[in-house]
Structures are given as structure tokens and as C-alpha cells.
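Reading through the C-alpha cells given below for one structure.
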């Protein structure tokens with residue numbers, strides 16, 4: 001079995017507070033893993049460990065390891081810039097740059113040293129096509145990205161993420177601020193993107209986890225309680241705590 | 001996230017128990033009508049089948065409403081799905097009882113071919129099985145459900161015994177073939193009732209343990 005991501009005994013500390021406790025899990029290539037659990041259970045912290053976003057928070061500490069393609073991303077020589085290229089991230093609130101739609105996508109390519117205009121144009125187009133935005137914006141590429149609707153902005157952020165050709169996409173509640181139609185588009189997009197990328201999504205919407213993911217991991221107070229195929233988690237979870245959370249007895 | 005409330009679960013459960021009570025009553029009354037040539041009682045069973053049919057539709061609609069509006073998961077999902085399925089089994093049990101009642105009417109007050117012993121016994125066992133299967137649901141305990149599955153063998157045995165007995169009877173008394181066939185039909189109906197109750201027990205195990213033991 002080919003695993004894209006292997007997390008081994010990962011613990012993460014904010015000062016002395018252990019926010020993630022000895023988590024080990026593996027994620028297969030081209031699958032969607034959903035992380036569920038009540039607020040403060042460590043899902044987002046865990047997600048940010050995978051592209052080392054937590055590095056920028058002072059007084060934090062990581063124990064254990066995360067391997068991507070069998071390479072330790074916390075090894076001293078590992079290039080964090082390369083890591084962030086390989087592991088893209090989409091946030092709860094869409095955060096397009098205050099630039100044109102075109103530039104939002106071209107920017108990442110340019111800072112990665114791509115200068116060929118044709119190559120940039122092609123990548124902008126294919127990224128927008130993959131996120132289903134091309135037909136909606138092809139005649140207004142030079143307009144401000146901020147003129148787009150919330151759902152379109154979020155898809156633009158996903159287009160921006162995939163333009164630099166990552167292997168992994170991390171999504172932190174990508175649809176929680178969107179209306180049902182935009183949410184559906186994002187969910188369909190996740191389904192399509194998984195043929196090319198490995199996706200980890202944090203969501204508070206249990207039905208969304210059930211709809212989009214292949215596997216689901218339930219976190220509680222920094223620990224991984226249970227991880228299994230999404231079908232099993234939502235029909236017959238192994239742990240009582242998972243069941244109680246899913247049927248709304250707590251959380 | 002939508003969540004099924006305790007109140008909604010109780011309401012749905014009480015409808016299912018009501019349905020089971022009516023089906024159980026239908027078994028008792030149909031066999032009583034046959035054994036004691038009670039034609040009026042037989043007619044009552046056939047008329048009351050409408051009530052059970054309406055309740056079946058009501059329960060189905062309630063289950064569908066909860067699935068759509070509450071989107072239950074885990075144990076709640078298994079319970080609603082199980083109720084949706086056993087609702088059909090309970091309705092079928094009542095239907096089979098109307099077949100027995102029709103046999104009573106067909107006999108027009110004449111006594112049955114021979115005094116009924118095994119047929120009432122089959123009815124008693126199936127009622128006991130139904131009680132146990134529902135207890136498995138209400139107590140969330142798989143033990144009574146497992147016993148139900150065992151008990152169905154006794155019903156199948158009695159059915160075979162009745163077949164054998166009536167076949168030899170028919171060979172000896174060709175004039176009584178029609179009446180003997182009537183009793184075979186009744187026996188078959190009770191055997192089918194046992195199968196439906198077994199389905200209910202299997203759904204109880206699915207609800208409690210999350211495993212599907214059908215066809216094992």
C-alpha cells in the first residue's frame with residue numbers, strides 16, 4: 001500500500017500545553033481524509049503540522065515525525081519552502097490577494113521562477129478550468145479578485161493552490177462560510193481533485209465529512225480516537241466516544 | 001448538524017411497538033378464529049388489516065422524514081433503517097394473518113379437518129419470538145434476538161411435521177384434499193410469519209452491533 005503521508009507519534013506543544021498527543025496515522029495517495037472533532041480538539045493544529053505552518057508560532061515544539069513520500073519533513077535539512085510548494089493550503093475564509101484574478105494565480109508561478117508568459121497563461125487557464133471557474137471569469141481576468149462572490153473567491157484560492165502543482169492539499173473548513181450551492185461546488189471539486197492530489201480536510205459539518213471523504217479521523221482533546229473508512233465511522237464506529245460525537249451527545 | 005432527539009426516537013419506537021402489538025394480536029386472533037370457527041372474528045381481522053396498512057405508511061413516512069431532516073448517523077442511522085425494514089415485516093405478518101382468517105371464512109363454520117394442536121403451537125412460538133425480537137430493540141440487547149433465530153427452527157420443524165401428516169391424510173382421504181390444503185396454507189403462513197420475525201431479530205442485531213447476519 002502506498003502512503004503519501006505517514007505521521008509517527010506526533011505531539012505538538014504550545015508552550016507547555018500539549019495540543020496534539022502522540023498521533024500516528026497514514027494517508028493513502030489520492031484519497032480524501034476528513035478530520036472531525038469538537039472545537040479545540042487539535043484538528044487544525046494537526047493540519048498545520050503537515051505543512052509546518054506552526055513553525056511561525058513562537059514557543060511551539062514538535063515531537064515525533066511526519067513523512068511525506070517517506071521523507072521526514074521535520075529533518076533539519078528539509079526545505080520548508082519546497083514543503084509549502086508540495087503541500088498547499090486552503091483556509092476557512094477565502095483570502096485572495098488584492099490583485100486581479102489573473103495575478104492571483106500567476107503570482108505563485110512568478111515567485112517560483114516561471115517567467116515564460118505562455119506557460120503562465122496556460123497554467124492560469126488550466127487551474128481555473130480544474131476549479132470550474134474558467135467559464136465564469138474568462139472575460140474578466142483583469143478584474144479584481146475581490147469582485148468575485150465568496151464561493152468564487154474560495155475556488156480561486158483553490159486554483160491558486162493547485163497552480164503551483166502541489167501533491168497534497170490541506171483544507172481548513174473550506175466551505176463553512178459558503179452558501180449551499182457554493183458548498184456543493186467545493187465538494188464536487190474535492191471529489192474531482194482527488195484523482196491528482198491527496199487531500200486532508202478539517203470540517204465541523206459531519207455530513208460534509210461523510211460526503212467528501214474516503215477516510216475519517218475523529219480527534220478529541222488532542223488525541224486521535226479513531227480513524228477508519230468514512231462508511232464505517234458513520235454507520236458503525238468502533239469507539240463509543242466517536243459514536244456519541246457523531247450522534248450529537250457531546251461536542 | 002442535525003441531531004435526532006430522544007423525543008423523536010421515542011415517538012418512532014412507540015409507533016413500531018404499536019405496529020408489533022397489532023400484528024401480534026392478529027396472529028392470536030387468526031388462529032383462534034380458525035381453531036374455534038369464529039367467523040366474525042375472522043372478518044374483524046380482515047377489516048383491521050387496513051389500520052395496520054395505514055400505520056405502515058405512517059411509519060415509513062416518519063422514517064423518511066427523519067432521514068431527510070435529521071440525517072442520522074451511527075446507532076441512530078441503524079435504528080431508523082432497521083425500523084424502516086421491520087415495518088414491512090410487521091405489515092407482512094398481519095397480511096399472512098388475513099390469509100388464515102380467510103381460511104376460517106372459507107370453512108363456513110365447519111370444524112377443521114382435525115383438532116388443531118401444532119398450528120396453535122406454531123402461533124404461540126411466533127408470538128414469543130416477536131416479543132423477544134422487540135425486547136432486543138427496547139433493551140438494546142442482542143441475546144433475545146439470537147434466541148429468536150434459534151426458535152425459528154422449531155417453527156420450521158412443526159411446519160414440516162404438519163406437511164407430512166397432511167400429505168398422508170390426503171393420500172388416504174382424497175375427498176378431504178381441499179380442507180387439507182387449507183391447513184397446509186395456514187401452516188405455511190405461520191412458517192412465513194416465523195421468517196419475518198427472524199428478519200426482525202436480524203435487524204435488531206444490526207441495530208445493536210452494526211453487523212449484518214442475514215444469509216449467514
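Beta bridges assigned by DSSP with both partners in chain A are antiparallel in approximately 60 percent of cases. Treating each Cα of the protein assembly as shown as an identical point scatterer and summing with the Debye formula, the log10 of I(q)/I(0) at q = 0.08, 0.10 Å⁻¹ comes to -0.65, -0.81.
Grab the beta carbon distance between residue A:249 and residue B:153, set R0 = 30 Å, and tell me the FRET efficiency rounded to 0.05.
On the way: r = 39 Å, r/R0 = 1.30.
Efficiency at R0 = 30 Å is approximately 0.15.
With r as the distance between the Cβ atoms of residue A:146 and residue A:82 and R0 = 30 Å, compute the FRET efficiency 1/(1 + (r/R0)^6) and round to 0.05.
Numbers: r = 30 Å, r/R0 = 1.01.
That gives a FRET efficiency of 0.50.
Suppose we look only past 16 Å in the calculated P(r) of segment A:24-74. What percent of the Cα-Cα pairs does that tail hold? Counting pairs separated by more than 16 Å, the tail of P(r) holds 48 percent.
In terms of its Cα atoms, segment A:55-193 spans 48, 38, 29 Å along the principal axes, sorted from long to short. What angle, in degrees between 0 and 90 and rounded to the nearest 10, separates the Cα long axis of helix B:142-172 from the longest principal axis of the Cα atoms of chain B? That helix lies at roughly 20 degrees to the long axis. By how many degrees, 0 to 90 and rounded to 10, does the Cα axis of helix B:39-70 deviate from the longest principal axis of chain B? Tilt of helix B:39-70: around 20 degrees. Dividing the helix sum by the residues of chain B, where each DSSP H run of 4 or more adds -39500 (n - 2.57), gives a mean residue ellipticity at 222 nm of -30500 deg cm²/dmol.
Given the DSSP H assignment, sum -39500 (n - 2.57) over each helix run of at least 4 residues in chain A and divide by its residue total; what's the result at 222 nm in deg cm²/dmol, nearest 500? Provide the component values of the computation, followed by the final result.
Working: 10 runs with 92 residues, N = 251.
So the helix-based figure for chain A works out to -10500 deg cm²/dmol.
What FRET efficiency, computed as 1/(1 + (r/R0)^6) with R0 = 51 Å and r the Cβ-Cβ distance, is obtained for residue A:91 and residue B:10, rounded to the nearest 0.05?
Numbers: r = 42 Å, r/R0 = 0.83.
The value I calculate is 0.75.
Figure legend: label point modelled 7 angstrom from the Cα of residue A:207 along Cα→Cβ; residues of segment A:169-187 with amide N under 20 Å from it are A:173-187. Can you work out the PRE-style zone for residue B:50? Point 7 Å along Cα to Cβ, and I want the residues of segment B:1-21 with backbone N under 15 Å. Counting backbone N atoms under 15 Å from the label point, the list is empty. Relative to the longest principal axis of the Cα atoms of chain A, the long axis of helix A:180-193 lies at roughly 90 degrees.
How much of the DSSP beta bridge set in the protein assembly as shown is antiparallel, as a percent to the nearest 5?
Values: 25 of 42 bridges.
Antiparallel: roughly 60 percent of the beta bridges in the protein assembly as shown.
Could you please rank A:20, A:111, placing first whichever residue has the fewest other Cβ atoms within 10 Å of its Cβ? Mind showing how you got there, number by number?
Working: A:20 25, A:111 10.
So the ranking, lowest neighbour count to highest, is A:111, A:20.
Spacing of the modelled spin labels on residue A:9 and residue A:22, each 7 Å from Cα toward Cβ, amounts to 1.0 nm. Under 18 Å from the 7 Å Cα→Cβ point of residue B:140, by amide nitrogen: which residues of segment B:184-203? Output list for this probe position: B:203.
All of the numbers you see were taken from the coordinates with simple rules; none came from a lab. The model shown is predicted, which means the values in this text are computed figures rather than measured ones. Note that each Cβ is placed from the backbone with ideal geometry, even for glycine, and that neighbours are counted across all protein chains shown.
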